[in-house]
Amino acid sequence: MLKKSDWKTIARPGWYGEAKEERLAGYDREYGLGNWRIRHRLGPRLLNLPEALRLYELCYEMHFVNPDTRFLWVKLFEQASEVWTELESDVKSGLDYSIQLAPAPHYEDVSIRIIMKLYEKKFSGDHLIRIRADSTDIIGIALSSIHIPFIWPEFIEPVSEVAWWNRHKGSLEHFWHANKELQVRDK
């Protein structure tokens with residue numbers, strides 16, 4: 001017999017952006033410290049943050065190994081000295097997702113560095129490249145998570161509102177926010 005979960009989903013909070021810390025502190029106030037959690041739904045499974053970030057990396061890795069998009073990565077390696085997403089200090093995160101110095105989380109740059117390490121690639125360029133949709137560099141725009149396909153788009157949860165992140169149907173960014181669930185302890 002299956003055990004009843006100690007957690008129940010009460011909301012799909014979507015995008016936090018720069019308000020992440022404020023929103024999480026609000027959950028502490030409303031539900032109590034340790035009485036809530038964030039998960040990402042992948043079909044019947046709920047992923048914790050390390051599992052969800054591994055899936056994030058897999059999406060970037062599949063984009064890297066795809067012969068149709070490989071040229072973007074080659075250009076990135078040739079032109080960039082390093083990558084960042086929110087603040088230039090993102091480079092200090094290296095391969096560690098837990099080092100978040102910016103107000104909004106940044107996972108794109110860390111994922112790229114992890115893929116580079118897996119495939120023994122190095123940056124050989126002379127300038128930082130921002131990996132984000134509003135980057136001033138075309139490669140930075142192209143490698144933004146709004147342009148990285150989610151590897152199982154059929155598992156992206158439907159969303160009724162139109163937001164910037166779900167206008168990019170089937171993208172990693174779309175999955176990341178549409179499938180985020182706020183859970184509280186089921187008493």
For the structure I just gave you, tell me whether Ser135 is in contact with a helix residue (DSSP H, G or I) (Cβ under 6 Å, 6 or more places away or on another chain), under 17 Å from Thr85 (Cα atoms), in a loop (DSSP other than H, G, I, E, B) and in contact (Cβ under 8 Å) with a residue 12 or more places away in the chain. no
Residue under question is Ala178, and the condition is that it be of a type in the set (A, V, I, L, M, F, W, C), within 21 Å of Arg37 (Cα to Cα), in contact with a Pro (Cβ under 8 Å, 6 or more places away or on another chain) and surrounded by 14 or more Cβ atoms within 10 Å (Cβ to Cβ); does it hold? yes
Selected residue [part of a loop (DSSP other than H, G, I, E, B), of a type outside the set (Asp, Glu) and touching a Cys at 6+ places or on another chain (Cβ under 9 Å)] from Ser145, Ser124: Ser145
I'd like to know if the stretch 37-50 contains one or more residues that are assigned to a helix (DSSP H, G or I), surrounded by 12 or more Cβ atoms within 10 Å (Cβ to Cβ), of a type outside the set (S, T, N, Q) and touching a strand residue (DSSP E or B) at 6+ places or on another chain (Cβ under 7 Å). no
Selection within the stretch 5-36 - among the acidic types (Asp, Glu) and part of a helix (DSSP H, G or I): Glu18, Glu21, Glu22, Asp28, Glu30
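Readers should treat all values here as calculations from the given coordinates under stated rules, not as data from a laboratory. Fair warning: this is a prediction, and the values are worked out from it, not measured in the lab. Cβ coordinates were reconstructed from backbone atoms using ideal geometry, including for glycine residues, and neighbour counts include every protein chain displayed.
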